[in-house]
Amino acid sequence: MLNVIIADDHPIFRAGIRTTLTDALGEATIREAGDMAALRARLDDAAADLLLLDVFFPGLEPEADVKGLRRAYPPMAILMVSMLTERSAVERLLRAGANGFIGKSAPPDSLARGLKEVMAGDRPVYMPAPGRGRRATSGDNPVAALPRRQLQILRFICLGLSNKEIAAELDLSISTVRHHVSALLHRLNVANRASAASYGVAQGVLASTEHAEDG
């Protein structure tokens, strides 16, 4: 019987994946994890044939941890399922060792098709339909009112970069980046980086190609 782990911090989404997975692949042993510690515990308990992993999973450093999972569990298929909309970031995850990517806002049948394809040895990539992501406007939410530096940092958080990586990208100290991240979480009224990333992606932060520095 197929052994599957669903790693996502939203119980309702995990329940939806369970139904789709059973319909697409038949009977399976399905375990769930809500954060990285729980995922590692599930993998220590028993190997999995398939891991469905959210890019913005609590405790996950996307590229580094995907590389580590690929080295530690070579036979396991890793299918990323996320709100991420930036193709270059998806390609980086595939190079790190992911077997496929399904956008949460991609067409409804994408997940079922992607599950079948990844278990057949293919590398499915289903991105959101054009126009699904959009830039935030000042009337929508606090993202549009962020200072430029915090907007840059939010974009990097959405791409899965750590504070150290963001500091290198922006030529800042790690302590300065931590300060900006703390202020950013307060402005957006979210509890952690994963929530900030999900919120930012939903508001079209990755649709921006602006990298200008503060003046």
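The values are calculated or read from the model by the stated rules, or taken from the named source; none is laboratory data. All figures in this text were calculated on a predicted structure; none of them were measured in a lab. Keep in mind that these areas ignore ligands, DNA and RNA; they rest on the heavy atoms of the full protein, side chains included. Shrake-Rupley method; radii C 1.70, N 1.55, O 1.52, S 1.80 Å.
Some points to look at:
- Entry note, the chain: the mean residue ellipticity at 222 nm calculated from DSSP H runs of n ≥ 4, each adding -39500 (n - 2.57), is -14000 deg cm²/dmol after division by the residues and rounding to the nearest 500.
- Portion, in percent, of the accessible area of the chain that falls on carbon or sulfur, probe 1.4 Å: 50 percent
- Structure-derived Rg and Dmax of the Cα atoms in Å - corresponding label in (i) 17.4, 59; (ii) 18.6, 67; (iii) 16.5, 52: (i)
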